[in-house]
Amino acid sequence: MDHLDRLEAQSIYILREAYRSFPNLAMLWSIGKDSTVLLWLTRKAFFGHVPYPLVHIDTAFKIPEMIKYRDEIAVQWDLNLVVGQNKEALAKGETFVNGLDRLSCCKKLKSDALKYTLDGTWARRKWNPYKKVWEDELNGAPYTGVIVGVRADEEGSRSKERVFSARDEKSEWDASTQPPELWNQYKTDFAPGTHVRIHPLLEWTELNIWEYIERENIPIISLYFNNGNGKRYRSLGCFPCTAPVDSEARNPKEIIEELTSGKFKDIAERSGRAQDKDGGGTLEALRKEGYM
Amino acid sequence: MQRLNIVITGHVDHGKSTLIGRLLADTDSLPQGKLESVKKMCENNARPFEYAFLLDALADEQKQGITIDSARVFFQSKKREYIIIDAPGHIEFLKNMISGASRAEAALLLIDAKEGVAENSKRHGMLLSLLGIKQVAIVVNKMDLVNFSEIAFNKLKIEYSEYLATLGIKSDIFIPISAREGVNLIEHSSSTPWYKGPTVLEILDSFKSVEEKENDDFRMPLQDVYKFTRDNDDRRIYAGTVTSGELNVGDEVVFYPSLKRSKVASIESFNTPVKTSVKESEAVGFTLQTQIYVRNGDVVARADQSAPKVSNRFEANLFWLGAKPLELDKPYKIKIGSAQSTIYLEEIKRVIDGDTLDRADEPSVGRHEAACVIFRVHDLLAMELFAENQKLGRFVIVDEFDIAGGGIITEVLEQYTNRRTKSSSVGNVLVDKASSSADFEEELFALLRKHFPHQFN
Ligand SMILES: Nc1nc2c(ncn2[C@@H]2O[C@H](COP(=O)(O)OP(=O)(O)O)[C@@H](O)[C@H]2O)c(=O)[nH]1
Ligand SMILES: [Mg+2]
């Protein structure tokens, strides 16, 4: 087994463990490369099937290609897609483009939308793959297990996550009181009112993700590639806060070259994301409140 | 590229985070600008720069100056890639240290040359041996504070070796270093001309990654059985991760403890060429020639190879991390392989505390204590001795909702007879009845899922 086989096997084990442990399980799908790899690993783990819904938080400021890609893949792969949105904040114009600061905007459009979509307080929009129509779900049951594609190498506080990480009623994460995690045994028991985040990609690096995308030929969204204008996205988010980088890389292979010997060697992936830079510890502050 | 998991352990303030930070800096493994930005941050806040800040990225930790959880750090030598786990040394965070250490294949244990062997130097040594980590190097840090004295180094080496011997660990690797000054980390230093052994980086590169053993008998804890009826998929797939050995299409398999058997009809996978065999560490699925009903948690073995042990009693070395003590005759949950059952502590043979003053006749095992104990399980379980098969010889204990302890099986004991004699005449019948009604349920659900698929998503 090479290192990708090992990472793949471990992630599959984790996904299967989550699937058998949580009656109401969902996976977050940001459309980005990491969670799309997770989706692919799901199909590996369950032999072509995707046996849980995929939750996407639509801030309404996503790069338009992302939504198009999302809906196409959902049809192709027969996905149960669930979309959540902070309609109230959008209606009131409480957003960064209307003058709100970046962190508050992230909190409203992402953290809050996520929290209330997961716990079922807010309506969920669901793609029904059988009838091929969108339906609204009111008072949906809370998800008790949520699979998330975070990686330990992304940023300091993420390197301390457990694979199965409990969140309390307020969706909060407390790094210092986490229960132990031993060998391949994870926290699969949870108190009423809490939910568990499951992180199958913790030990993957950005480079591993690209190596795997190349090996498996995963149809990743084309925003990651230079499509002729000498620019590509390294990390996807909302268009007002995420900038493309200058790059000639047109496919996974060229991205791998760029990461290992080219211009992005030793430059952090999230360097294109504005909200990480507003002083030390801000991403941790967001994470404590449930941000991914 | 090859990858190895290493854990850095030792008492609080003995220099673990500094060692890792310095290793990262000296091997050019840091993202561009990270060192400068942390130095700048220290300057702005008028605090002395610490290499530990490179790791202690959580805002909380920078305030208190201690490592709260095991950070994973990626780092690369010329030889291979490492995931270094920075384990917290503070007793409050022992569970985090153990979480970190349980993922590791080798360990460095740091001891402060000036302060000497401390409580957690001993406790961590003991836990590493309980976790089954055999490759351990002792790193004597802060040699600058004892003027790089060979005498001081040797004295400490003798003292700690004696302690390790009481645990049955023989370690002859001791390295004198100064993490902060970068002495003997990458290159030999003129500060310790008397030291001829390996540097820290050399010792890391010399550790072996825990290898796949080809000759072991096949074992796979059954994680789940899938029947996805969508798109008329009628495969019933038995899924799990192979813990040892190899399985081929056509092999006869036996499930333990249920003793059901059948032959492998196919190996299933997604987006790979057709497979006819699988081996250790692969996450796999197979179909059988006959449709049998087995429970998650059974251990699958090959009929032509040895069988796992089956019992409901065993002796174990255990460490306890729960807020409440582990008590006799109280129900807990055990998780071993993919199986779960209710478990009772039958006897505490002795409690091993940090100073190896073993105590007998204890009523319970307290937080942060280790003990040699006997457990009684509600159901029969397939298991192995830890010394013979690590993955099926270790288990965790869940108290309420959290993992509260872990252990390794040192002896499989005779079945708990009380229960068996009470129910032995009807026991088998009961089991069969239970499984046939479960079989029926399973089939019913499969039919329902097939004809009303939208109800099941
Ligand atoms: N004099 C000296 N101090 C050191 C050395 N290594 C670490 N320290 C200091 O010891 C303190 C504790 O180090 P830290 O790495 O946080 O310890 P940890 O708790 O084991 O992670 C810090 O103030 C370090 O600067 C060393 O080699 N020499
Ligand atoms: Mg530390």
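The values are calculated or read from the model by the stated rules, or taken from the named source; none is laboratory data. Just so we're clear, the structure is a prediction, and the values are computed from it rather than from any experiment. Positions of Cβ are backbone-derived with ideal geometry, glycine not excepted, and every protein chain shown enters the neighbour counts. The accessibility values were calculated without ligands, DNA or RNA, using every heavy atom of the protein model including side chains. Shrake-Rupley method; radii C 1.70, N 1.55, O 1.52, S 1.80 Å.
Here B:Thr18 meets each of (1) closer than 25 Å to B:Leu127 by Cα; (2) open to solvent by 10 Å² or more (accessible area, probe 1.4 Å); (3) modelled with pLDDT of 80 or more; (4) not in a helix (DSSP H, G or I) with one exception, condition (4).
For region A:124-146, the count of residues that are surrounded by 21 or more Cβ atoms within 10 Å (Cβ to Cβ) and of a type in the set (A, V, I, L, M) is nonzero.
Within region B:176-199, being away from ligand 1 (no atom under 12 Å from the Cβ) and open to solvent by less than 90 Å² (accessible area, probe 1.4 Å) holds for B:Ile186, B:Thr192, B:Pro193, B:Trp194, B:Tyr195, B:Gly197, B:Pro198, B:Thr199. Has region B:319-330 got at least one residue that is farther than 26 Å from B:Phe401 by Cβ, in a loop (DSSP other than H, G, I, E, B) and either at pLDDT 85 or above or not assigned by TED's automatic domain parsing to the domain that holds B:Gly125 (or both)? No, because not a single residue in region B:319-330 is farther than 26 Å from B:Phe401 by Cβ, in a loop (DSSP other than H, G, I, E, B) and either at pLDDT 85 or above or not assigned by TED's automatic domain parsing to the domain that holds B:Gly125 (or both).
Each row is one residue, and each column tells you yes or no for (1) open to solvent by 10 Å² or more (accessible area, probe 1.4 Å); (2) more than 13 Å from ligand 2 (Cβ to nearest atom); (3) at pLDDT below 75.
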{"site": "B:Ile8", "(1), (2), (3)": "no, no, no"}
{"site": "B:Val12", "(1), (2), (3)": "yes, no, no"}
{"site": "B:Pro31", "(1), (2), (3)": "yes, yes, yes"}
{"site": "B:Gly65", "(1), (2), (3)": "yes, no, yes"}
{"site": "B:Leu94", "(1), (2), (3)": "no, yes, yes"}
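When we screen B:Asn141, B:Asn154 for residues that are over 23 Å from B:Asn317 (Cβ atoms), within 16 Å of ligand 2 (Cβ to nearest atom) and either of a type outside the set (A, V, I, L, M, F, W, C) or within 14 Å of chain A (Cβ to nearest Cβ) (or both), the only hit is B:Asn141. Considering region B:273-294, the residues that are open to solvent by 40 Å² or more (accessible area, probe 1.4 Å) and away from chain A (no Cβ under 14 Å) include one that is nearest to A:Asn217 (Cα to Cα), namely B:Thr276. The residue pairs whose first member lies in region A:76-103 and is open to solvent by 20 Å² or more (accessible area, probe 1.4 Å), whose second member is assigned to a helix (DSSP H, G or I) and β-branched (Val, Ile, Thr), and whose beta carbons are closer than 7 Å, counting only pairs six or more residues apart or on different chains, are A:Leu103/A:Thr282.
Determine, yes or no, whether B:Ile169 is assigned to a loop (DSSP other than H, G, I, E, B), open to solvent by 30 Å² or more (accessible area, probe 1.4 Å), away from ligand 1 (no atom under 16 Å from the Cβ) and aliphatic (A, V, I, L, M). Yes.
Checking the stated criteria, A:Thr59 turns out to be open to solvent by less than 60 Å² (accessible area, probe 1.4 Å) and touching a strand residue (DSSP E or B) at 6+ places or on another chain (Cβ under 6 Å).
When you check B:Leu345 against the structure, is it within 23 Å of B:Phe386 (Cα to Cα), within 14 Å of chain A (Cβ to nearest Cβ) and open to solvent by less than 20 Å² (accessible area, probe 1.4 Å), yes or no? No: the conditions fail for B:Leu345.
Scanning region B:256-272 for residues that are assigned to a loop (DSSP other than H, G, I, E, B) and either in contact with a Pro (Cβ under 7 Å, 6 or more places away or on another chain) or within 13 Å of chain A (Cβ to nearest Cβ) (or both) returns B:Ser269, B:Phe270, B:Asn271, B:Thr272. Please work out if B:Ala152 is of a type outside the set (S, T, N, Q), under 19 Å from B:Tyr195 (Cα atoms), free of Cβ contacts under 8 Å to residues at least 40 places away in the same chain and more than 11 Å from ligand 1 (Cβ to nearest atom). Yes. Of the residues making up region B:14-29, those that are within 16 Å of ligand 2 (Cβ to nearest atom) and more than 12 Å from every other protein chain (Cβ to nearest Cβ) are B:His14, B:Gly15, B:Lys16, B:Ser17, B:Thr18, B:Leu19, B:Gly21, B:Arg22, B:Leu23, B:Ala25.
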